[in-house]
Amino acid sequence: KTSPDLHGVFFEDINRVGDGGLYPEMLRNRSFEDSIVPKDCKLVEDGKYFITPTGYKCAFNNGEGLDQWYDSVPETKIPAWYVSEGSSAIDVSLDEEDTLNENREASLIISFKEENSSHSVYNIGYTGMNVEEDKKYNFFMFAKATEGNQRVELSLRSKCGSRIYDSKSIEISQGEFKRYDCVFTSKGSDVEATFHISSKDKGTVKLGFSSLMPVETYKGRVNGLRKDLVELLKGMKPSFLRFPGGCIVEGLTKETTMTFEKTIGPVWERPSHWLIWFYRTTNGLGFHEYLQLCEDIGANPMYVINCGMTCQHRKAEFFDDELTDEYLQDAINALEYANAPADSYWGRKRAENGHPEPFNIKYVEIGNENYGEEYNRRYELFYRELKKRFPDIIYISNTHTELEGLPTEVVDEHFYNDTEFFATQQNMYDDYDRKGPKIFLGEYGVTNNRVNASLYSALGEAVFLTGLEHNQDLVTMSCFAPLFLNASYKSWYPNLIEFNNRESFGIPSYYMLQMMGENRGDYVVESSTKTDTIMEDKFGWVGLYAKGAGTSFTNVTIDDIRENTIVSNISGEFIVEDDKFLAKTDDSWCLLGDEDAREYVVSADVEFGKAGEAIKISVWNERKENVGDVYQTYWGEKRLQYYSWVIEDGKSYIEAVKRLRVMETSQKVDVDIDYSKANNMKIVAKDYRIECYLNGELVNTYAIEPMPKISSVVTVDDETNEAIIKIVNMSDKNEEVEIKIDEEVNSIARVQILESDDKYDVNSFEDKTKVSPKEFTLDNLSSEFIYDAPKHSFSIIRVGLC
């Protein structure tokens, strides 16, 4: 049987895709808290970064986040909020004492210093606000006047402020914070509109919270979601939605973790917090909204919980038992809110928020990308307590905790790599132990490629997914990551769906997954594929690396020709002295030879600076383009992929590295090193194979795996009585695929195909569907027929069975 939840989606608030994205808030920094440094963190380098208590450095820039975001907008004291250019008639500042409620960290003070002033305070939104003629927009704010009542004008205007699309006059009362509402109807269309607050009277007002959102949301829901983005999601027919992360669940500190109770209730009462991806969220997109989204798109909810630690990839903090128990209780409360009947405490809360019936969370993942003893202890605590209270929920572990003797139902595995990796790993799960836990491929995607978000990337992923479909008795769930990209706030690339403030599109992988989701079938049937293979060309420089200063490489030759020139120092410093490559600093790495060299033999006599310290000789150091950018002459390590022979602490092995990530490691073998003298290291890089010789003895080998030209999988749809044949052609020419079926078939078949003129073609705002599925029919079929699979294509053939 096929797994009903094999293809799902994963949402994480990365690339500013919550506030200002799926949650269509138009005011950026609506709570005025973006420039406030997270608790217990300290600003460094003139506010460019902050440092967490454990020592992790995060981009800050006065709350604007990454440098490229900060540099793209005019400077201001309070992110997104500005005073008319050249105006001395208005002052703005923050009050961190007098706030709307205990969960708010600041209010905005606006002092109007002149009467009859034409100046205003304005918000630029997320690189401008999109307003459309005759469309309506809901606004509210909590405000108070401090020196008698104050009349203000609220308006939607053009970028320069000269054209007013609509305005409202409101009198703000002195005293306590009070809510003020109005609805704007735009008299024009503008993608760079701004929101303004002005007054003809002198006086001071304080704003405690504000919001501007389109009236038109998906299904017209209050606090609703952006219609086009939800429709794109629903168009994939995902069987589950994993939320709310991802690394944001763990956070950088205790205060920046994601917990259930931060994200329910009135939005102005939800505490904001700094996300791990360089910006603050006001949590308008909260637990209830996620669950409602799942219901709206027909997806089972998968809730990821923090189990008592911050992100282990960012200098983790492990919480004590008392605090960990609080996180366990938060998880219990969340599941009660989602699944308990309406007459329970949390069920009543859910009913008050408009959903009396339970949402029925199906899956819970305990932690995100956590590992090691600290995780295992917390995982066991959470699993046993939650399973006892909610036995019908399926629980997911971040690692193979069953190997530690812990109860494990499903294991989450993550893979980010290049097209060739995915295209060569189709059989990864064929030999997995069927007696162990099920597998959830919780995050995957092509992230290392000459051109990302292309058809070629989608095809590599499709090959991998045909392997998952063959193994649905074991691999029961998968989802690409990440899901969304706000085009003005890129921090991770690629993402399935890209948008700006007015339009959106799916990348080729989106359409590949849409095709997968629409053509699942009920049973996987036995099938086999015979195919030729493709080898990716291997070329590039030779590299020398020394962990410790003082290490030297002498008699360095490439194909018996002596080398004495350094092409580039990637890190640290190597110098050539008396024909010796000498490491002057720790962690020194240099390149030499020819960038276009294909096959060669490298030899060097190595004198270790210190016994046991790592030394490496690498081959096929190939420079890749930076993600999403054009090719540049840049030598940084992030641009390189290569294969290194490593000797360290008496162990020898080969590692495949792509953009700082070790993708694969050969078996480690013991080697006998005499550190008192030079040792000869020789690498033969030829025929897609690496051989490593230490003092003339072969110690390690590594063979690069080829890609299949053709990959396939077959399922059967019981309702339509069709065989669903999925075929991926990775080659650069059309392939005649001979298909043999052991049943009589109908003479006509339906075909969906994803292809394009160039395998590196991408979709864009200018051509949103350049790479998207096309449909046609095949006729005159028999149980044996030829399908001409176009070059670089993904095809799905639905053949009726007699």
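Structural remarks
- Relative to its residue count, segment 258-394 spans a Cα convex hull of 121 Å³ per residue.
- Low-density loop cleavage sites - GluC sites (Glu not before Pro) in segment 165-265, where at most 12 other Cβ are within 10 Å (DSSP): Glu176
- When the inverse distances between all different Cα atoms of segment 382-506 are averaged and flipped, the Kirkwood radius reads 16.3 angstrom.
- Accessible area of segment 398-536 belonging to carbon and sulfur atoms, whole % at 1.4 Å probe: 45
- Inverse of mean 1/r across different Cα pairs in segment 102-243, Kirkwood, Å: 16.7
- Here's how it looks for Glu536: its modeled amide H is under 5 Å from those of Met707, which are all 5 or more places away or on a different chain.
- Look at the dipole of segment 330-438 built from charges on Cβ: of Thr424, Thr401, Ala338, the Cα furthest out on the positive end belongs to Ala338.
- Mean Cβ neighbour count within 10 Å, used as a protection proxy, ranking 790-799, 105-114, 44-53, 323-332 highest first: 790-799, 105-114, 323-332, 44-53
- Relative to the current alpha-carbon distance between Ser764 and Cys802, full extension at 0.36 nm per residue lengthens the span by 9.4 nm.
- Against the chain, whose longest principal axis is taken from its Cα atoms, helix 287-297 shows a tilt of about 70°.
- Surface exposure of segment 91-238, expressed per residue as accessible area with a 1.4 Å probe, stands at 45 Å².
- Packing rank of 30-37, 382-389, where each peptide gets the mean count of other beta carbons within 10 Å, highest leading: 30-37, 382-389
- Degrees between helix 321-339 axis and first principal axis of the chain (Cα, 0 to 90, nearest 10): 70
- DSSP beta bridges confined to the chain are antiparallel in about 85 percent of cases.
- Cα-derived Rg over Rh, computed across segment 466-616 with Rh taken as Kirkwood radius: 1.20
- For the chain, the mean residue ellipticity at 222 nm estimated from helices alone is -4000 deg cm²/dmol, where every DSSP H run of n ≥ 4 contributes -39500 (n - 2.57) and the total is divided by all residues, rounded to the nearest 500.
- Seen from Asp670, the other residues with C-beta closer than 15 Å to its C-beta sum to a net charge of -3, counting Lys and Arg as +1 and Asp and Glu as -1.
- Segment 58-122: C-alpha pair distances exceeding 13 Å, %: 69
- Cα pair distances of segment 559-611 binned at 5 Å [whole percent]: 4, 17, 27, 27, 17, 8, 1
- Note on Glu147 and Asn116: the extension gain reaches 9.4 nm, defined as 0.36 nm multiplied by sequence separation minus the Cα-Cα distance.
- 12 Å reach of a label modelled at Lys677, 7 Å along Cα-to-Cβ, counting backbone N of segment 564-589: none
- Segment Arg598..Val222, full-extension length gain: 129.3 nm, with 0.36 nm per residue of separation and the alpha-carbon distance subtracted.
- Estimated FRET transfer efficiency (Ser93, Asp522; beta-carbon r; R0 41 Å; 0.05): 0.05
- Principal axis dimensions, segment 696-802 - Cα atoms, whole angstrom, descending: 65, 44, 25
- Each label point was placed 7 Å from the Cα along the Cα-to-Cβ direction; for Ser571 and Asn103 their separation is 4.3 nm.
- Rg/Rg_globular for the chain, with Rg_globular taken as 2.2 N^0.38 Å and Rg from C-alpha atoms: 1.05
- Within the same chain, lysines fewer than 8 places from Lys733 are excluded, and of the rest, those with a Cα less than 18 Å from its Cα are Lys530, Lys709, Lys759, Lys791.
- Label-to-label distance, Lys39 versus Thr701, with points set 7 angstrom from Cα along the beta-carbon direction: 6.0 nm.
- Range of Cα positions in segment 434-537 per principal axis (Å), largest first: 46, 35, 25
- Projected label distance in nm at Lys668 and Lys580, using a 7 Å step from Cα toward the beta-carbon: 3.0
- With a Förster radius of 22 Å applied to the C-beta separation of Glu176 and Arg348, the computed FRET efficiency comes to 0.15.
- Rh (Kirkwood; distinct C-alpha pairs) - segment 273-353, Å: 14.7
- Relative to the longest principal axis of the Cα atoms of the chain, helix 508-518 runs at roughly 90 degrees.
- Pairs over the 28 Å Cα-Cα cut-off, from the set Lys144/Lys200; Lys237/Lys362; Lys42/Lys178; Lys262/Lys387: Lys42/Lys178.
- In terms of packing, defined here as the mean over residues of other Cβ atoms within 10 angstrom, the peptides 524-535, 361-372 line up highest first as 361-372, 524-535.
- At an R0 of 25 angstrom, the distance between the Cβ atoms of Lys610 and Lys651 translates into a FRET efficiency of 0.95.
The values are calculated or read from the model by the stated rules, or taken from the named source; none is laboratory data. Here the structure is a predicted model, which means the values were calculated and not measured. For neighbour counting, all protein chains shown are included, and Cβ atoms are generated from backbone atoms with ideal geometry for every residue, glycine included. Side chains are part of the model used for accessible areas, which takes the heavy atoms of the whole protein and leaves out ligands, DNA and RNA. Shrake-Rupley method; radii C 1.70, N 1.55, O 1.52, S 1.80 Å.
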